[in-house]
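I'd like to ask you about the structure that follows.
The values are calculated or read from the model by the stated rules, or taken from the named source; none is laboratory data. A quick note: this is a predicted structure, and the numbers were derived from the prediction, not measured. Cβ sites come from the backbone with ideal geometry, for glycine too, and all protein chains shown count toward neighbours.
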Amino acid sequence: MKTWALIVDTWREALARYTLLGFLAVSSLFLLVLTFALNLDIVDGALAAGTLFGKAFEVPGKGPAIATVVATGQSVFAGILYVLGVFLAVFATGSQVPNLQHRGTVDLYVTRPIGRTHLLLGRFLGAVTLVSANLLILCGGVFVIISAKTHVWNPRFLVASALILLVFLSYLGFMYLVGVLTSSTPLSIMLPYALYLLSVPLVAHDRIAAAMDTRIGAGAVQTLYWILPKTAEIGRDLTGYVLGKATPAFLPLATTAAFGAVCLGAAVVAFNRKNF
């Protein structure tokens, strides 16, 4: 019951601060644009013509199979949602830990018969349910709209949404660590964004390390690569999986999950040692 109460508190805070409504508004706008902007004409299982943002197009001769068109389109949307979903989720949950540590709020929680570890992990679980629901609306909405328009159902797209959630959970663990250490909402939002952008070029870590003038610099690049989330690799595997051309590699997923777990564990330790 205590855990459920913490989850409910997380949702109430998101509603009170309009972050949940903002997330839903952006997701709804995206789905509405997709609903009315794309129309396809399918003849004998192949794409014949269509309209995109009010502009008609025709496919000469016998067009590509609609299943191929759907998989290609969904891979593009998966890449867009990968970036959009993570960025929106970070923005929606970045204030949770700093707000929790405000005078008055934290005093109310720590006087209750609940441990600090339980308190922080309960809030973390609340954030997970909040973002999961929004990703389900966003990714599930795209899946339903495209599938309803084409009558092609590609469940790999839904699996891709689970990969987006995994990446976000890794960054959420980092956000909780930053929030506990600094009690700053701006830093809790900006540093995950910076980490996201930093991790992308590290996909070329071998070439970057080879270009370094010193072994220390090359070692630092390699160390950063193995420690930080594998944002680019997972994004590449995600789009390839939706296309049916690749299977997500285990190592990027495992190291990304480990980064989030270590950060969350460090956040719990730091939270238990803080004086309130």
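Which members of region 123-142 meet the condition of being crowded, with 22+ Cβ neighbours inside 10 Å and either of a type outside the set (A, V, I, L, M) or over 16 Å from V90 (Cβ atoms) (or both)?
Listed by number, the residues that qualify are R123, F124, G126, C139, V142.
Still on this structure, I have one more. Going by the conditions given, is T10 out of contact with any Lys or Arg (no Cβ under 8 Å at 6 or more places or on another chain), β-branched (V, I, T) and either surrounded by fewer than 14 Cβ atoms within 10 Å (Cβ to Cβ) or modelled with pLDDT of 80 or more (or both)?
Criteria not met by T10.
Has region 61-68 got any residue that is modelled with pLDDT of 80 or more, at negative phi, part of a helix (DSSP H, G or I) and buried (at least 16 other Cβ atoms within 10 Å of the Cβ)?
Scanning region 61-68, I find no residue that is modelled with pLDDT of 80 or more, at negative phi, part of a helix (DSSP H, G or I) and buried (at least 16 other Cβ atoms within 10 Å of the Cβ), so the answer is no.
Identify, please: which residue in region 91-117 is closer than 19 Å to L130 by Cβ and among the small types (G, A, S) and is, among those, surrounded by the most Cβ atoms within 10 Å (Cβ to Cβ)?
Among them, the one singled out is G94.
Let me ask something additional. Could you say which residue among L238, L228 is touching a Gly at 6+ places or on another chain (Cβ under 8 Å) and at pLDDT 90 or above?
L238
Among the numbered criteria (1) out of contact with any helix residue (DSSP H, G or I) (no Cβ under 7 Å at 6 or more places or on another chain); (2) in a loop (DSSP other than H, G, I, E, B); (3) closer than 30 Å to V69 by Cβ, which single criterion is violated by N275?
(3)
Another question, if that's okay. From the list A257, A249, A232, A220, exactly one residue is closer than 26 Å to T182 by Cβ, touching a residue at least 12 places away in the same chain (Cβ under 8 Å) and surrounded by fewer than 19 Cβ atoms within 10 Å (Cβ to Cβ). Which is it?
A257
Scan region 13-59 residue by residue and report those that are modelled with pLDDT of 85 or more and farther than 26 Å from L88 by Cα.
Correct list: empty.
Moving on to the next point. Please specify each residue of region 235-246 satisfying the condition of being surrounded by fewer than 17 Cβ atoms within 10 Å (Cβ to Cβ), free of Cβ contacts under 8 Å to residues at least 60 places away in the same chain and not aliphatic (A, V, I, L, M).
Listed by number, the list holds a single entry, K245.
Now, a different point. Which residues, taken from region 182-199, are within 16 Å of V167 (Cβ to Cβ) and either loosely packed, with under 14 Cβ neighbours inside 10 Å or in contact with a Leu (Cβ under 8 Å, 6 or more places away or on another chain) (or both)?
A194, L195, L197, L198, S199
Could you list, in sequence order, all residues of region 215-266 that are outside any helix (DSSP H, G or I) and in contact with an Asp or Glu (Cβ under 7 Å, 6 or more places away or on another chain)?
Hits for region 215-266 are A246, P248, A249.
Report those helices (runs of 4 or more DSSP H) wholly inside region 154-213 carrying at least 1 residues which are under 28 Å from P98 (Cβ atoms).
Of the helices (runs of 4 or more DSSP H) lying wholly inside region 154-213, those with at least 1 residues that are under 28 Å from P98 (Cβ atoms) span 156-182, 185-199.
Within region 166-173, is even one residue modelled with pLDDT of 90 or more, farther than 25 Å from S28 by Cα and not acidic (D, E)? Give the steps one after another, and end with the answer.
So the first thing to find is which residues in region 166-173 are modelled with pLDDT of 90 or more, and the list is 166-173.
Filter once more, so that each one left must be farther than 25 Å from S28 by Cα: 170, 173.
Still in the running and not acidic (D, E): 170, 173.
Yes, the conditions are met somewhere in region 166-173.
Among the numbered conditions (1) surrounded by 17 or more Cβ atoms within 10 Å (Cβ to Cβ); (2) without any contact (Cβ under 8 Å) to a residue 60 or more places away in the chain; (3) aromatic (F, W, Y), tell me where W153 comes up short.
Result: W153 fails condition (1) only.
Looking at this structure, is R112 out of contact with any helix residue (DSSP H, G or I) (no Cβ under 9 Å at 6 or more places or on another chain) and either at pLDDT 90 or above or not in a helix (DSSP H, G or I) (or both)?
No: the conditions fail for R112.
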